[in-house]
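**Q** I have a structure I would like to understand better, so I am pasting it below and will then ask my questions one at a time.
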């Protein structure tokens with residue numbers, strides 16, 4: 001049944017309240033404490049002041065916890081906030097005379113489960129980012145832990161997220177060469193990531209950043225993991241609109257969940273639209289997992305790109321290509337565009353490219369949504 005796929009969304013039965021419940025006063029205290037803590041962190045100043053270099057004396061207390069990546073707070077200047085989430089805020093800043101982005105994560109003190117999750121995500125993101133070096137991976141610079149705020153400092157990507165860029169475009173307006181250039185940046189970053197044994201697990205347009213040269217870099221590794229450490233992973237990681245069906249169903253999954261997500265991102269590039277627009281995230285997840293649906297491909301989509309998209313989001317993970325194969329295909333497509341040749345599956349490109357020998361059984365070019373591969 002569909003209900004088994006959505007453990008986080010099962011409705012909880014309302015428990016009757018009793019005046020004699022000894023935990024009621026404790027619950028009320030925790031609620032009030034959480035409210036007070038939220039108000040405390042509502043102002044922008046309260047976040048940045050915690051890491052203010054003028055408070056460096058209090059920072060000395062945490063010297064024992066410092067790692068080689070620990071930021072020198074005397075060299076950090078925090079500017080304006082430009083993005084925020086449920087537990088995080090991102091500021092523009094200067095670190096050692098370089099423009100940076102400062103991601104601050106507030107660790108709640110009265111919510112044990114949330115605190116543990118956020119601390120683990122911080123630890124994982126720093127551990128992974130600090131060892132990754134590639135032109136299409138956002139560059140890690142430093143980090144710090146100063147409870148209740150942790151921060152990660154990365155290079156500043158001036159043009160924001162790919163989703164922001166697409167929101168400014170008319171539907172279906174991106175040229176083929178622009179689609180290929182952006183897709184190649186993303187796929188090269190992901191090819192490198194997988195070569196390092198890392199699964200991203202939340203690849204989406206909001207986690208892809210653009211710099212001044214309009215080059216794309218993969219970012220946000222809070223839910224990422226080493227493949228060797230999550231081979232038996234189950235459960236929901238990532239964002240429903242971009243999430244592979246096996247992950248939605250909480251089955252075992254592999255690095256091919258990232259390939260599925262890339263297929264959705266490639267669809268975004270061809271349409272400039274939000275996937276499953278008009279649906280809630282849960283409705284989108286149900287459509288993918290239970291009805292095998294995918295976002296509709298426009299008739300104007302290049303046949304070769306449409307074929308690659310369908311291969312990437314195939315229901316069967318084993319039929320999805322690796323990123324090395326995706327990069328190879330996109331490079332061939334790019335060559336065709338530059339040489340003025342049409343981008344069709346039946347062109348000489350296909351016969352020369354070994355990828356399609358593996359992918360030819362993936363999804364028929366004439367198949368319609370839903371996908372049955």
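**Q** In what sequence, highest mean first, do 179-192, 326-339 appear when ranked by Cβ atoms within 10 angstrom?
**A** Averaged packing, sorted descending, gives the order 179-192, 326-339.
**Q** Taking the mean number of other Cβ atoms within 10 Å as a proxy for protection, how do you rank 280-291, 200-211 from highest to lowest?
**A** 200-211, 280-291
**Q** Also: Starting from the 7 Å offset along Cα-to-Cβ, what nm value, one decimal, do you get for the label separation of residue 316 and residue 252?
**A** It is 1.8 nm.
**Q** Determine the shape class of the range 162-359: with a ≥ b ≥ c the square roots of the Cα gyration tensor eigenvalues, call it rounded for a/c under 1.5, and otherwise prolate if a/b is greater than b/c, oblate otherwise.
**A** rounded
**Q** Summarise the long-distance tail of P(r) for the range 228-281 by giving the % of C-alpha pairs beyond 17 Å.
**A** 39
Bear in mind that the values in this text are calculations on the coordinates, not laboratory data. Note that the coordinates shown come from a computational prediction; the quantities given were computed from them, not determined experimentally. Methodologically, a virtual Cβ is constructed for each residue, glycine included, from the backbone with ideal geometry; neighbour enumeration extends over all protein chains shown.
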